[in-house]
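**Student:** Sharing a structure here in structure tokens format.
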Amino acid sequence: MHIAWLGKKSPFCGNVTYGREVTNALLSRGHRVSFFHFDQPDASSDRTTLQEVSIPCLFKSQVYTIPSPKASKILHESLRQLRPDLVHASLTLSPLDFTLPELCADLNIPVVATFHPAFDNKRLNFSSGTQHLTYQIYAPCLAHYSRVIVFSSTQRDMLIRLGVPKDTVVVIPNGVDTEKYFPGFSTSRETIASRRVFVYQGRISPEKNLEALLKAWKHCQMGKDCKLIVIGDGPLAAILAATYGENAGVLWKGFVADEAQRIDILRGADVFILPSLVEGLSLSLLEAMSCGVACVATDAGADGEVLSNGSGITLSTHRVSTQLQTILPLCRDHPELTALLGKKARQRAVERYTLERNITQLEKLYRQVAAMPKVYLGHLA
């Protein structure tokens, strides 16, 4: 099949990783992929090719994107020329998300969306909170997509309650390449003079709640014989690094672009911790699980579902730091426990969250959507 993929190539975030991993896997299975991505106007002038189309934008960040006024016209014309079998949009929280179904209907091309904003699954009234407001705003628009992919049954239930037809919403969990991310020797562990190694990997921003982990780490005086490796960057990185420096046993790695280096760090870890207040389905969590690392995460988003059946330690999103004050010493002093949790995490990832399984489900969905009568697109007229 010929799939037109609409997403992001930068700045680095979960959406970027998702798009890269899925499109590479589709290509390896013999599909043709035309990659549409947002770029600055001055960088997009002559980068339109058969397989890659740059859509001009005024601004883009890890969270949202503002396309330029001519973006919709460029996208429409490019799709008209390429005539893909379907469009798959990894939604970038952009105004273009709301007009894409109508644009594709005009071209008689089915359109699939992946909708993965973070959420806290315990806040079911949707009366407040930025993330839940996003779900409320998007629901009427998502109802017009051919299919909407979400990562968990909780997300599916939310969207159905908000009016998206139940046949439209499909659960296809995120996946990790378990043949690339697997337990093994770690060179980075050899260079760290510490008995136990803990890792946080993710954006350093308020919703990720890293400060709760750092407060608990300091309270428990974990730095005496343990190291906490922090991988990532974000608006709170500078102030948190200044407040919780390496004297507390915290190693600030910043953004690590090299995937092999990130895998090496994970392989050398005893425990992976994700204290988020809201999540979608964390790919960093799946990567740690696949590397056989014991995982501790809040039940935000789908992460609690991922760690169910004893695959890890799940925390409530309330009073995270207090809970970690109990969990951190437990993980420090009982290596046999973390070793067992690491084995169970790897097993869970292999059984349910592989990239191969993700792509197989995606191919099945593509075939179903492509076979749908074209007349169904006319409901947008």
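The values are calculated or read from the model by the stated rules, or taken from the named source; none is laboratory data. Values in this document were obtained by computation on a predicted structure and should not be read as measured data. Using ideal geometry, Cβ is built from the backbone for each residue, glycine included, and neighbour counts are taken over all protein chains shown. All accessible areas refer to the heavy atoms of the entire protein, side chains included, with ligands and DNA or RNA removed. Shrake-Rupley method; radii C 1.70, N 1.55, O 1.52, S 1.80 Å.
**Student:** Hey, any hits in the range 69-82 for a residue that's under 23 Å from the mean Cα position of the chain (by Cα) and on the phi < 0 side of the Ramachandran plot?
**Tutor:** Our first condition is that a residue be under 23 Å from the mean Cα position of the chain (by Cα); within the range 69-82, this holds for none.
Within the range 69-82, none of the residues are under 23 Å from the mean Cα position of the chain (by Cα) and on the phi < 0 side of the Ramachandran plot.
**Student:** Same structure, new question: Exactly one of these conditions fails for T322: (1) in contact with a strand residue (DSSP E or B) (Cβ under 7 Å, 6 or more places away or on another chain); (2) over 30 Å from L86 (Cα atoms). Give me its number.
**Tutor:** (1)
**Student:** Can you pull out every residue in the range 237-252 that is closer than 22 Å to V63 by Cα and open to solvent by 20 Å² or more (accessible area, probe 1.4 Å)? Break it down into steps so the answer makes sense when it comes.
**Tutor:** Pass one, the range 237-252, residues closer than 22 Å to V63 by Cα: 237-240.
Answer for the range 237-252, where residues must be closer than 22 Å to V63 by Cα and open to solvent by 20 Å² or more (accessible area, probe 1.4 Å): A238, I239.
**Student:** Quick check on the range 200-236: of everything there that is among the small types (G, A, S) and over 24 Å from V63 (Cα atoms), which residue is surrounded by the fewest Cβ atoms within 10 Å (Cβ to Cβ)?
**Tutor:** As a first pass, look at the range 200-236 and keep what is among the small types (G, A, S): 202, 205, 212, 216, 223, 232, 234.
From what's left, over 24 Å from V63 (Cα atoms): 216, 223.
Details: A216: 22, G223: 17.
Looking at residues that are among the small types (G, A, S) and over 24 Å from V63 (Cα atoms), I get G223.
**Student:** Under 7 Å between Cβ atoms, which residue pairs at least 6 apart in sequence (or on different chains) link something in the range 235-254 that is outside any strand (DSSP E or B) with a partner that is small (G, A, S)?
**Tutor:** Note: pairs meeting the criteria are P235/S205; L236/S205; A248/G223; G249/G223.
**Student:** Hey, another quick one. Got a number for residues in the range 148-171 being touching a residue at least 40 places away in the same chain (Cβ under 8 Å) and under 18 Å from D120 (Cβ atoms)? Before you say what the answer is, go through the steps one by one.
**Tutor:** Keep residues of the range 148-171 that are touching a residue at least 40 places away in the same chain (Cβ under 8 Å), which gives 149, 151-155, 159, 170.
Keeping just the survivors that are under 18 Å from D120 (Cβ atoms) gives 151-155, 159.
Selection size over the range 148-171: 6.
**Student:** Let me ask you something else. Working carefully through the options L286, L330, find the one that is in a helix (DSSP H, G or I), at pLDDT 95 or above and surrounded by fewer than 23 Cβ atoms within 10 Å (Cβ to Cβ).
**Tutor:** Numbers: L286 fails: surrounded by fewer than 23 Cβ atoms within 10 Å (Cβ to Cβ).
L330 is the lone residue from the list that is in a helix (DSSP H, G or I), at pLDDT 95 or above and surrounded by fewer than 23 Cβ atoms within 10 Å (Cβ to Cβ).
**Student:** Pick from K180, K218: which is more than 27 Å from T360 (Cα to Cα), among the basic types (K, R) and not in a strand (DSSP E or B)? Can you show your working first?
**Tutor:** Values: K180 fails: more than 27 Å from T360 (Cα to Cα).
Exactly one residue qualifies, and that residue is K218.
**Student:** When S308 is evaluated against the numbered criteria (1) in contact (Cβ under 8 Å) with a residue 12 or more places away in the chain; (2) surrounded by fewer than 24 Cβ atoms within 10 Å (Cβ to Cβ); (3) not basic (K, R), which criterion, by number, is the only one it fails?
**Tutor:** (1)
**Student:** Scan the range 62-90 residue by residue and report those that are touching a Leu at 6+ places or on another chain (Cβ under 8 Å), of a type outside the set (G, A, S), touching a residue at least 60 places away in the same chain (Cβ under 8 Å) and in a strand (DSSP E or B).
**Tutor:** Hits for the range 62-90 are V87, H88.
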